[in-house]
1. Would you check the stretch B:25-129 for Lys pairs whose C-alpha atoms are within less than 16 Å, ignoring same-chain pairs closer than 8 in sequence, and give me the count?
2. Quick check for the stretch A:170-266: number of Lys pairs with alpha-carbon distance under 20 Å, counting only pairs 8 or more apart or on different chains?
3. Quick one: pull the percentage of alpha-carbon pairs in chain A with a separation above 32 Å.
4. Could you list which residues have their amide H under 5 Å from that of B:GLY665, counting only those 5 or more apart in sequence or on another chain, with H placed in the peptide plane?
5. How big is the charge dipole of the protein assembly as shown about its Cα centre, in debye rounded to the nearest 20, if each Lys and Arg gets +1 on its Cβ and each Asp and Glu gets -1 on its Cβ?
6. Which whole-percent values make up P(r) of the stretch B:393-547 when all C-alpha to C-alpha distances are grouped in 10 Å steps starting at zero?
7. Most mobile of A:LEU129, A:LEU113, A:LEU18 per a Gaussian network model of chain A (Cα springs, under 10 Å)?
8. Which of the GluC sites (Glu not before Pro) across the stretch B:598-651 are loop residues per DSSP, with 14 or fewer other Cβ within 10 Å?
Amino acid sequence: MYAFSYHSPKTVRQAATLLGKNPDAKVLAGGQTLLPTMKQRLASPSALIDLGKAEGLSGIEVKGRNVVIGAMTRHADVASSAIVGEAIPALAALAGGIGDPAVRNRGTIGGSLANNDPAADYPSAVLALNATIITNKRKIPADEFFQGMFSTALEEGEVIVKVSFPIPSKAAYEKFPNPASRYAMVGVFVAKKGSETRVAVTGAGSDGVFRSAECEAALKARFNPKSLDGVKVKAAGLNSDIHASSEYRAHLIPVIAKRAVAKAMAK
Amino acid sequence: MSSTTGIGASVLRKEDIRFITGKGQYTDDVNRQGQAHAYFLRSPHAHATIKKLDVSAAKKAAGVLDVLTGDDLAHDKIGGLICGWMIHNKDGSPMKAGAHPALAQGKVRYVGDHVAVIIAETYAQAKDAAELVVVDYGVLPAVVDMNTASKGPAIHDVAPDNVVYDWHLGDKAATEAAFKNAKHITKIDLVNNRLIPNAMEPRAAVGDYDAGTEVFTLYTTSQNPHVARLVLSAFVGIAPEHKLRVIAPDVGGGFGSKIFIYAEETVCVWASKRVGRPVKWTADRTEAFLSDAHGRDHITHAELATDEKGKILGFRVKTKANLGAYLSTFSSCVPTYLYAPLLSGQYDIPAIYVEVEGIYTTTAPVDAYRGAGRPEATFVVERIMEKTARELGQDPAAFRRKNFVKSFPHQTPVIMCYDTGNYSASLDLALEMADYKNFGKRKKESAKNGKLRGIGFSAYIEACGIAPSAAVGSLGAGVGLWESAEVRVNPVGTVEVLTGSHSHGQGHETTFAQLVSDRLGIDINSVSIVHGDTDKVQFGMGTYGSRSGSVGMSAISKALDKVIAKGKKVASYALEASEKDIEFKDGRFSVAGTDKSLAFGEVALQAYIAHKFTGAELEPGLKEGAFYDPTNFTFPSGVHICEVEIDPDTGVTTIAKWTAVDDFGNVINPMIVEGQVHGGIAQGVGQALFEGAHYDKDGQLVTASYMDYTMPRADNLPSFQIGMTNTPCTTNPLGLKGCGEAGAIASPPAVINAITDAIGHENIAMPATPLAVWTAIQSSASKLAAE
């Protein structure tokens, strides 16, 4: 790890000001990606702006037909939240399956989304549930937020404050883990709300999380696992590595989507 | 007492209290006064000449004490690392061993090779300064694939075609003749995947030079501190043995990878004199992946000849073994003498011929890893046995039984003489425990759920306690393979056992104490086991190859015999009786036919106060040593049966059932033995389903972290069904055979035999990852569609 300066703002506004003053600064949320990267000397920010003491960033509440989760809310808190468990159990289950207990006790939803790791779990929930990312500057719809691997719509000085999830009628997340890292190799979040079914896939796309048009089309008429029988997903644009070829990932997407739909219907 | 703490009792491990309460003392826990820290600058290239190496800026960086290179080693006349086993080619010429300097001298040969060492006040300063070292590399093509390695470029000038040796064993003519008479020939092509050891504790070293006494002390993560001292003295030339102390304190797992003498500890101990300060290094996990000696990595073609009834007539095997960029300490013997002599398995095979080519590649050195040659041999034997049974339409258990060795001793055509065994007994018990007769029902049940179920056998043979010394010497070993022990009885009757064996997870502090408790009839808590320090313990050979029981404990047993004999002498004076009338039983020396007796501790006291005998009659004291050189290997054996269930939609293999029946001869502590079996199976399943070191075509290690290198985890494994049979070894005093590697040896072929049974064809390599299994199923599906 290289030397850096450390800041602990009390408000989001202060954090934004500090970001403006320190062009090479990084925002520290749970640090579950950033700190290991710094330890390996793969990242060398001049300053860390720790949101740990900034007010009003944590917590879970229901607002109308939405569950709103503060950016600094830890995965473990989402996993064990009675509110989330009641309203969107699929989201609680997803949070409970991120990393290991140490990661879940430190990692945050805002940090995960801002990082947009192509194999992270949360982006699939945000995209499938059609959530809204609320920053210190604006509201960003999920479909516009994710802009490719490790890339988001966040601008300089922009900090995620909370995420608002519309409550679906049915939803589930199914993860096929990478055998080594146990990150999602193919993770599929399916959500049905009204007449719309959205299917978001993480871990598989070479450009990060995406919606599977093939699966959504198949489920449009009938939200049922059988609807996905025979669905073919194109391998083009999917990751290929020693753990999974793009063809294998393409094969797994409808298989895992089918399991997710079955899970959603069982609830 | 002996019933609860003696031989055969599942005594809880004495050492675990300190390990699980964080009070273990590992090398990284050692901190010396004035200690500096070493950081190794490593090659980012698989193969390159060093055109220029400029360390001047790094030397001036904050906190830096010195930056040392291969030139400095040469200046100080520090020799290279050695390979301790000479292998001869088919034509009798010696193998081609390239030089192995601890810091590169003009060339780097794998990613992670040591270019320079930076020694600074802090580790962070050393790491910062490393970025100031300027290296101008002349990048050469990497040599990664064994099949094309001969096309070069040469990694070492001494081996222009990158072949280290071209070796063979067995009777070629007799084997060819057997194949001419065969009714059926089974052919198989196999890859034994390359593994990275991943001990929980990474390698570490602290070198400490005392200018007053001119003694070097090296604290290091070693399985064999005396061997390390011998090599560093006699070959590397750090210091004469009496001026070099090697301490291997608590060691957190070795699996073979800590047998070897590496560049880092060599440099730390040498540099401690150069900089006049203790020098410490602890590997980070990436360094462990890159530079610990890897394991396995064979390509094999094998053929098995059988007659019309399915009796084996002959076996021929051709193997290429990847030895990496340099010959590590015992690398040369692993794919030769630790491999080929195991190719007879549990079977009566009249003729065997084996050819092995050792190949240099621009990858990390490859050496012994849990099983060392024996897992590779067992994989070949048990895969081709299963395939042959299938091709002949015979039941795999019955086919094996038909070919078992049934009378002992049995001389194989490949060196080994099995002293004893009862292979049918293990098979019978395993078939019963595995409920083999109802497998068909379970398979149908799985099919109903859309799953493919398969069953696979592995009837393995092990050879432990590699020996005798004279025999291994005649085969090229540079060392003897005996073990030493000293039993020191204190005046109050407590006992210290100094052993040349080294414990790094095996539980010697418990099992060795059980032997002493049993034999001397004293409380197990009155016994302490001392190991791992060349200043405390007499020369010993260390722990590897499942030798600590059969060889190390045999040495202790011999020393205990001497202690008891001396005790009888002392007791005869103390009890005023004839020595021949003294009996020793349950911890008491007594005069036969009388009620006169003394407890062991009382006799010990008599030995030290020496009031009852004169110096002319008897030496005072009660301390005896022994060296034990076995007369043969020991031959553990057993049958493992693996049942898998495969999800054809994803290719995920689940181990549904595991039955292990092992014959380790006599057992000291069944709980510890079961633990060794569990760990061994987990490692073997790791090889079969998960682990695989992968270098890309440029020689970069793709699997250099846990993000990409898959370790087996608890949730990958079922609850094992463990059974044991017991035919005691006939060649050592305790009847022990060894259990440390059996699980890792037995399990890979059992898993792959089960998977190939489930998918209906043989075409799958290890690790059988979900991708590999799914791909294999696609090919069988397309094959079915085409038929």
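1. On the way: B:LYS51/B:LYS107; B:LYS52/B:LYS107; B:LYS59/B:LYS127; B:LYS60/B:LYS127.
Qualifying lysine pairs in the stretch B:25-129: 4.
2. So the count works out to 29.
3. Numbers: 7346 of 35511 pairs.
Result: 21 percent of Cα pairs exceed 32 Å.
4. HN-HN under 5 Å from B:GLY665: B:THR727.
5. So the dipole magnitude of the protein assembly as shown works out to roughly 2740 debye.
6. Result, from short to long distances: 9, 23, 22, 22, 16, 8, 1, 0 percent.
7. In this elastic network of chain A, the residue with the biggest mean-square fluctuation among A:LEU129, A:LEU113, A:LEU18 is A:LEU18.
8. Details: sites: B:GLU602, B:GLU617, B:GLU624, B:GLU643, B:GLU645; in loops: B:GLU617.
Sparse-neighbourhood loop GluC sites (Glu not before Pro): B:GLU617.
Where a number appears in this text, it was derived from the coordinates with a stated rule and is not lab data. Keep in mind it's a predicted model, so treat the numbers as computed, not measured. Neighbour counts are summed over all protein chains in view; Cβ atoms, including those assigned to glycine, are modelled from backbone coordinates with ideal geometry.
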